[in-house]
Every structure is written in C-alpha cells, then in structure tokens.
C-alpha cells in the first residue's frame with residue numbers, strides 16, 4: 001500500500017511571541033442548582049472562558065450577588081445585565097430559543113483569543129499534519145510530551161473555602177499517578193491515560209504540593225468584570241501566590257520541572273478548592289483554563305513561572321464528589337500541545353458540533369462524568385508526535401478492515417487540493433472509549449490548506465489555534481457525521497458509520513458525500529461499511545480520472561475571455577533515498593544559479609469562454625500538472641497541482657493587466673514571466689532577491705509615497721515569505737507576509753507605512769523566501785539583464801553586487817513598485833489607523849489618542865463609538881496619556897452599524913535623558 005506523509009506547514013502569516021489562554025468548554029448538559037431559598041432550577045452554561053453566558057428555559061439569566069438567578073439581557077456593549085425578575089422553578093421556555101451574543105461581545109472575545117494566541121500552539125507539531133507524498137519531517141526534539149517527565153501540581157484553597165476531600169494530597173496524587181486508579185468510579189489515572197495513548201512514549205509523573213492557603217477569598221480570584229469576562233489577572237495572582245507559598249516548603253526544587261531546559265517551568269497546574277464555573281458553580285468561581293503568568297512571572301530556583309492550567313477539586317455544580325480526570329487531561333492537553341476542537345465562538349458563525357464526546361479536546365473530557373476521557377484521535381496523536389505521520393492510503397479497490405485507533409490504526413485519502421485530506425479511524429467501545437456514544441468508523445475532513453474561512457486561511461487557523469472549528473459551514477477538523485445535514489443529528493450515537501441510522505456508504509453521491517470543501521469529488525469511495533464491534537470493514541471504490549477546471553479573471557474579479565490556458569505535464573523528479581531514510585529536510589545554500597529548462601509535455605491548449613471558464617479532463621499519473629494562462633496585455637499566471645490524485649480540482653487563475661500598474665507611476669525592470677527563476681537549485685534554505693534603482697533613476701519620484709510592491713514567487717509553498725524596502729545602506733521596512741501567493745503576480749499594499757522616496761540614495765525593493773519547495777523561487781524574465789535588474793543572496797546585507805556580476809546570470813527579477821502622492825490615501829480607502837508619530841518616545845512625553853479621521857474626506861463610514869484601551873485597560877479619562885518607560889499597547893475598538901473593528905498600535909518609551 002502507498003503511504004501518505006503529513007509534511008511541513010508553511011508559515012505564511014505575521015508571527016509574534018505572545019501568550020495564550022485556553023479554557024475548557026462549558027458542561028454540555030443541563031445543570032440543577034439550588035437557590036438560597038431552597039428552590040431548584042435548571043440552567044445551562046454556554047461558551048468558554050473568553051465568552052460565556054447562562055440560560056434557563058432557553059432564556060438568558062445571570063446570577064446576582066445574592067446568589068439568586070435573574071432573567072438577563074445583553075447590553076449594547078455586549079455585557080450580560082441582570083433584570084429585577086428572579087428565575088423561579090419551572091421557568092417556561094420562550095418562543096425564540098436561539099440566544100446569540102452581540103457582535104461587540106464576540107469581537108471582544110475574538111480579540112482576547114488572538115491576543116493570547118501563540119504560546120501553547122508552539123508546542124503543537126502542526127507541520128506533521130500536512131499531507132503530501134514527501135519524506136517525513138521530524139518534529140521538535142525538545143518536546144515536553146515525550147519520555148519520562150515531571151510536572152508540578154499545587155493544591156490551593158482560599159481564605160473562605162478549604163478542601164472537603166479527605167487527605168487531599170494523597171487523593172490527588174493517586175488521581176494523577178496511581179496505576180489502575182479506581183476511586184469514585186474512575187477507570188484510570190491521568191498518567192494511565194497519557195501513557196496508554198502515547199503507547200508508552202510519554203511517561204509523566206505529577207508531584208503534588210499542598211494544600212496551600214491563599215490570602216483572599218475565592219470570589220476575588222474567580223471574579224468576573226462588569227463585561228462578564230473572567231479576570232485572568234486574578235487567576236494569575238492565584239498561581240504566583242501559590243508558587244511563593246509552595247516555595248516555602250522544604251525540599252521543593254522548581255528547576256526539575258523545566259524539562260526542556262528553556263529557563264521556564266513547563267507548567268504549574270492548580271487544583272483549587274470547591275467547584276468551577278464551567279460545570280455550573282457560582283459565577284464567582286474560577287473557570288478552568290490554561291494561560292501564562294505573563295508579566296507576573298517570578299523566579300524560583302533559577303527558573304521562571306510561565307505556563308499554568310487549573311481546574312477544581314469537585315465536579316458538578318454542588319455536592320462533595322471529587323473531580324474526575326477529564327478536565328485535568330483537557331487542560332494538560334493544551335500544556336503539551338493540543339488545541340481546542342469545539343466551537344469556541346458559539347453561534348456567531350453558526351454553531352458547529354466540533355468533535356463532541358469523541359475527542360478529549362472537544363467535549364470528551366465530560367465522558368462518564370469526567371472519569372473516562374476518550375482515546376486521542378489520530379490527529380491529536382500526530383500533533384503530539386505520538387504517532388508516525390505516515391498514514392496508509394488506499395492504493396487499490398477492494399475490501400478493507402480497520403482496527404481501533406487505540407492501536408494507532410488509520411487510513412487517509414488526499415484530495416486534489418494540497419493540505420486538505422480525510423482520515424478514517426475506528427472507535428471501539430472499550431478501554432478509554434468505553435463511554436463514547438457508539439462504536440463505528442469515524443471520518444475526519446481535515447483542511448490545513450489556503451482555503452479562506454472567515455478572512456483567514458485554514459493553515460493560519462491551525463497554526464494559531466484560531467477557531468479551528470468555529471465556522472459551522474467549514475470546520476477545519478470536521479467530524480463527518482453519518483447523518484446529513486449536521487443539524488439533523490439528535491443523538492451522538494448517530495455520528496459514527498454506519499451508526500444508529502445504518503449509513504453504509506461514503507461516496508460522491510451519498511449523504512454526506514465524499515467531496516472536498518470546493519464540492520469536488522475526492523475520487524475514493526467507501527461502500528458496505530460495517531461495524532463488527534472489534535473492527536470496521538468496508539469496500540473501497542476508486543476513480544482514475546482527474547478533472548481540472550476553473551476560471552480566469554483579472555484583478556477586479558471580472559472574467560477574462562479568450563485567454564489561452566495550457567495544460568502540461570512534468571514528470572516526477574527522483575527522490576533521494578538518503579533523504580527518505582533520514583527524514584531530514586534538504587537545506588539549500590551555496591551558489592546562486594538560474595533555472596535549467598524543465599522537461600514538460602503539453603497535454604492540451606484551450607481558450608476560455610465568455611465567462612473566463614476552462615475545463616480539462618486528464619488521467620492520473622505521477623508528477624505534476626502545470627496550468628498556465630496567458631493573454632496579450634496581461635502578465636501570465638501559472639499554478640501547479642499533484643497529477644496523481646483522482647477527483648476534481650478547481651484552479652482559478654488571475655491575470656494582472658500590464659497597463660494597470662502604470663496608473664500612479666511604476667518602478668520596474670523586468671519583462672514578461674515565462675516560467676524562469678533563480679535559486680540554489682534545490683528546495684529549502686533562505687534566499688533573498690531584489691531589484692535595484694539608482695538615485696538618478698529615482699530623482700523624478702523624490703518625495704513620492706511607495707504604495708505597493710508586486711512580485712512573483714516560483715513554487716507552491718514556503719515556510720515564510722517577507723518583503724523589504726532599503727535606501728542606501730539602511731532598510732526602511734521589512735516584514736513577514738500574512739498570506740502570500742505563489743506563481744501569480746502578487747501585490748503587497750505598503751501605503752499605510754508612509755515610506756517616501758528620499759533624495760540622493762539608491763534603492764532596493766525585494767523579498768525573501770524560506771524553505772521553498774522550489775529550487776528556483778525567485779521568478780525572473782528571460783533576459784537580458786538591465787542595470788541593477790537582479791540581486792540574490794542569503795541576507796539583505798549580501799545583496800551588494802548583481803547576479804550578473806557574481807554568477808553571470810543574465811535575467812531580471814520579477815519585482816516592481818508603484819509610487820504616488822499620499823493625499824489622505826489611507827483614510828480615503830476606508831482604512832482607520834491610530835495616529836502615531838514614529839519618533840523616539842521618552843518618559844513624560846504626551847500621547848494623544850486619535851484616529852486618522854479627516855473631515856475633508858466624504859463618503860466614509862464613521863464609527864458610532866470608539867473605546868480606547870491602554871495596556872489592556874479601558875481608558876475613559878481624556879485623550880492625552882502621559883507616557884512611562886517600557887513597551888505599551890494602545891488599542892481602539894470601533895463600533896459601526898453592522899460590525900466592529902479592532903486597531904492596535906505598539907510603542908516603546910525610553911527613559912528620560
């Protein structure tokens with residue numbers, strides 16, 4: 001059988017180091033709570049730590065300071081406000097049962113998630129999940145989720161609330177570490193869970209300290225602010241105070257908990273006394289979550305605090321039953337590198353089911369009242385490096401059987417869209433899966449491609465842990481339920497195949513169907529799916545045809561008719577056996593060279609119709625299909641696809657009019673692109689390329705603003721792409737692109753940077769590419785080279801002589817720049833930014849909070865309200881701030897009629913001289 005390898009993820013977005021907070025999903029079932037007068041009502045929690053609300057009888061409710069629940073409503077600011085009407089037993093369900101938080105609340109939660117995204121996600125080996133028939137790429141060698149590792153757990157009680165569990169230190173040590181732990185109906189300890197799921201690759205030991213008693217009451221650390229948000233700062237105070245108290249215990253050495261030797265404690269886990277808010281505890285209790293101590297970090301025994309997670313001593317909303325291991329395993333899953341797979345924004349983008357009880361990182365932490373979380377999915381095992389990312393692919397029609405995921409068994413099918421694929425695994429109701437709703441075949445539709453979801457690519461959502469399953473219509477880790485549509489599911493036992501509805505087919509015509517997110521057939525179909533209780537069986541049918549279709553448009557999205565579209569085939573290049581056996585990526589470097597002619601064969605040439613549409617039908621074969629579109633007056637466009645995958649692939653091409661880039665004045669030296677390039681000759685490495693302009697050439701443009709750069713990159717992927725603009729020996733700008741394109745002319749907007757062309761200096765406009773899959777990523781024309789027409793090297797500093805002078809390469813790089821007058825450019829285009837003087841600020845300087853709003857510019861929608869934040873604190877006391885030394889973040893949330901917009905500006909303030 002063939003194997004599908006899950007290859008390295010390209011990093012195609014602006015990256016920065018930040019700190020993430022991830023919380024457990026609210027308990028999914030009804031919760032009975034007793035009010036102060038003894039009456040019993042039923043509530044439901046919704047959301048997570050960033051955005052949560054409570055309902056009773058499907059009406060919005062809020063707990064008041066007196067402990068009673070009251071009917072509530074959302075304010076215009078998105079806050080949950082209690083009314084004066086107390087909730088009584090038997091509250092009648094209202095007619096409209098859908099409660100959706102207002103956009104301002106969702107935007108605030110989204111900003112919080114984005115602000116704190118990045119820290120725990122760096123522990124995921126997301127690169128292992130990308131599919132391609134390529135050598136395996138090794139994961140991080142310093143993973144804290146492999147081998148024997150020690151982790152710190154502190155038991156914390158409050159000035160007004162102590163542990164009720166007898167001998168809590170012993171009880172929690174057993175829950176965490178004891179082999180075969182069975183207290184309170186448990187089916188194993190936390191160590192048992194992770195050791196078995198990693199098949200012995202991860203053997204954690206949890207050291208338990210405490211209880212320690214904090215200085216304040218539980219309501220202080222668990223308080224919500226006036227927006228209904230949990231105050232993370234208070235939880236961080238809890239952690240830091242607990243660490244200080246634990247440090248006073250003799251024999252505690254915090255340095256042993258820095259397993260990866262990076263100078264930080266890998267994680268401090270807090271078990272706090274009492275109940276938690278996610279399971280129905282009072283509003284003033286703490287919602288279980290994972291975060292970092294951030295600016296409250298302290299040093300103990302030569303290491304600093306950083307990552308932490310927490311959950312409660314007791315389960316449920318009341319009573320004295322000790323918690324199960326489920327929520328601990330979920331929060332610890334974040335610590336070692338697993339994202340959430342539930343819908344973290346509620347109904348804002350449609351309510352997605354996520355992975356439900358079949359995943360620890362969705363709702364499975366609540367299985368068997370939190371005592372028996374499910375086996376990790378194939379995806380989760382790969383992310384942690386506990387399973388080889390080499391998955392068996394169906395290579396022939398016939399009958400197949402599939403053993404349980406607990407034995408690391410799975411099949412995979414690649415689609416014709418790179419980095420979009422399907423994973424098939426079997427779940428047996430035994431062991432950690434004893435309490436999943438039903439045994440059967442699970443089918444996962446994984447999208448880590450350049451497909452856009454809510455303004456971001458699927459790849460970005462995975463890399464940043466940014467709402468992977470937030471969009472109901474396009475979940476990036478979608479569990480394909482045996483019932484279609486998803487909204488028709490009444491019970492979770494309808495999810496597996498064949499399931500409660502006995503759905504035995506997964507084909508291009510079944511419901512649900514075997515199609516990618518573009519609606520194209522994947523070419524591999526399952527029939528006669530059977531659950532034999534110990535394994536699944538099914539029959540595989542395959543298609544051998546590959547349909548390539550799409551539309552050719554211009555930059556405005558208008559169809560380009562009578563464009564020539566050529567389909568050529570390029571044979572697969574031989575792969576180095578040494579590279580396969582070692583699993584190491586090739587690192588290219590050394591001499592710069594021009595691309596040699598490629599051996600290709602033309603399959604067909606057609607012309608687009610009046611709608612810009614084209615259509616090819618070709619057979620599958622090893623190698624690459626190249627689709628090229630050309631028309632007089634346009635720059636050509638080209639894309640490549642894998643030729644060996646059956647099904648249908650949509651390849652849309654964009655042609656840029658040559659005359660369009662002459663509107664504001666253009667700086668360019670290249671001719672038409674005909675598929676040529678410059679590079680090291682083999683994939684990988686980092687290469688910089690630039691075009692140069694002399695001071696004399698730039699004299700007519702002195703004082704003009706650089707509005708944009710256009711360039712073209714050979715290849716299909718890279719781990720990072722960035723651009724730079726340099727004058728003389730200094731660079732005016734360099735930055736990483738958030739969503740680069742390949743083999744199509746790409747335009748990068750630089751207008752908001754305010755870069756003006758100076759007098760008397762040469763200029764270089766360029767870009768760099770890291771880890772390209774193409775040996776010649778710097779696209780060029782076919783020559784001859786004009787003065788300063790091309791530079792290449794391994795850094796900006798190395799771009800001192802042209803490639804003709806150094807390497808006798810006689811071509812011009814495909815880079816141009818558009819220049820023009822400023823004249824309120826940003827605001828007239830509808831861009832709001834924080835007005836900012838890019839000077840060197842000093843302590844005592846004044847900073848005025850204002851936007852680039854120009855009353856002279858008509859027909860621009862102004863915000864209805866602007867809320868300013870300084871260092872994440874609301875600022876409502878005037879527009880002028882006196883600056884202090886350090887780094888500061890200024891944020892404005894703009895509320896418009898139908899949406900909100902968040903703008904952030906960071907400044908550094910030095911000390912007074």
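The values are calculated or read from the model by the stated rules, or taken from the named source; none is laboratory data. As the structure is a computational prediction, the values presented were derived from the model and not from experiment. Positions of Cβ are backbone-derived with ideal geometry, glycine not excepted, and every protein chain shown enters the neighbour counts.
Number of residues in region 663-680 that are assigned to a loop (DSSP other than H, G, I, E, B) and under 32 Å from the mean Cα position of the chain (by Cα) equals 1.
Which of the helices (runs of 4 or more DSSP H) contained wholly in region 183-276 include at least 3 residues that are more than 32 Å from the chain's Cα centre (by Cα)? Spell out the reasoning first.
Values: elements: 190-197, 218-221, 232-247.
Helices (runs of 4 or more DSSP H) meeting the threshold: 218-221, 232-247.
Taking every residue in region 199-212 that is closer than 14 Å to residue 179 by Cα and pairing it with any residue that is in a strand (DSSP E or B), at least 6 positions away or on another chain, the pairs with Cβ-Cβ distances below 6 Å are 203/148; 204/149; 204/151; 205/150; 206/151; 206/153.
All of (1) closer than 28 Å to residue 617 by Cβ; (2) under 20 Å from the mean Cα position of the chain (by Cα) hold for residue 506 with one exception: (2). From the residues in region 852-871 that are exposed (fewer than 12 other Cβ atoms within 10 Å of the Cβ) and modelled with pLDDT of 75 or more, which one is nearest to residue 104 (Cα to Cα)? Looking at the filtered set, the residue picked out is 864.
Of everything in region 551-560 that is in contact with a strand residue (DSSP E or B) (Cβ under 8 Å, 6 or more places away or on another chain) and under 11 Å from residue 611 (Cβ atoms), the residue that is surrounded by the fewest Cβ atoms within 10 Å (Cβ to Cβ) is 559.
Can you spot a residue in region 125-143 that is touching a helix residue (DSSP H, G or I) at 6+ places or on another chain (Cβ under 7 Å), at pLDDT below 95 and closer than 28 Å to residue 208 by Cα? No, because not a single residue in region 125-143 is touching a helix residue (DSSP H, G or I) at 6+ places or on another chain (Cβ under 7 Å), at pLDDT below 95 and closer than 28 Å to residue 208 by Cα.
Of the strands (runs of 3 or more DSSP E) lying entirely inside region 362-421, those carrying at least 1 residues that are closer than 30 Å to residue 623 by Cα and without any contact (Cβ under 8 Å) to a residue 40 or more places away in the chain are 411-414. Residues in region 819-841: is at least one closer than 22 Å to residue 668 by Cα, in a loop (DSSP other than H, G, I, E, B) and modelled with pLDDT of 85 or more? The answer is no, given that none of the residues of region 819-841 is closer than 22 Å to residue 668 by Cα, in a loop (DSSP other than H, G, I, E, B) and modelled with pLDDT of 85 or more.
Exactly one residue among 449, 473, 487 is more than 21 Å from residue 337 (Cβ to Cβ) and crowded, with 18+ Cβ neighbours inside 10 Å, and that residue is 449. In region 167-179 there is no residue that is modelled with pLDDT under 95, farther than 19 Å from residue 334 by Cα and in contact with a helix residue (DSSP H, G or I) (Cβ under 9 Å, 6 or more places away or on another chain). Of the residues in region 286-307, at least one is out of contact with any strand residue (DSSP E or B) (no Cβ under 9 Å at 6 or more places or on another chain), in contact (Cβ under 8 Å) with a residue 24 or more places away in the chain, over 20 Å from residue 328 (Cα atoms) and buried (at least 16 other Cβ atoms within 10 Å of the Cβ). The residues of region 732-752 that are surrounded by 15 or more Cβ atoms within 10 Å (Cβ to Cβ) and more than 21 Å from residue 639 (Cα to Cα), listed by number, are 732, 736, 750, 751. Within region 720-731, identify whether any single residue is surrounded by 17 or more Cβ atoms within 10 Å (Cβ to Cβ), in contact with a helix residue (DSSP H, G or I) (Cβ under 9 Å, 6 or more places away or on another chain), at pLDDT 90 or above and within 30 Å of residue 455 (Cβ to Cβ), and answer yes or no. There is at least one residue in region 720-731 that is surrounded by 17 or more Cβ atoms within 10 Å (Cβ to Cβ), in contact with a helix residue (DSSP H, G or I) (Cβ under 9 Å, 6 or more places away or on another chain), at pLDDT 90 or above and within 30 Å of residue 455 (Cβ to Cβ).
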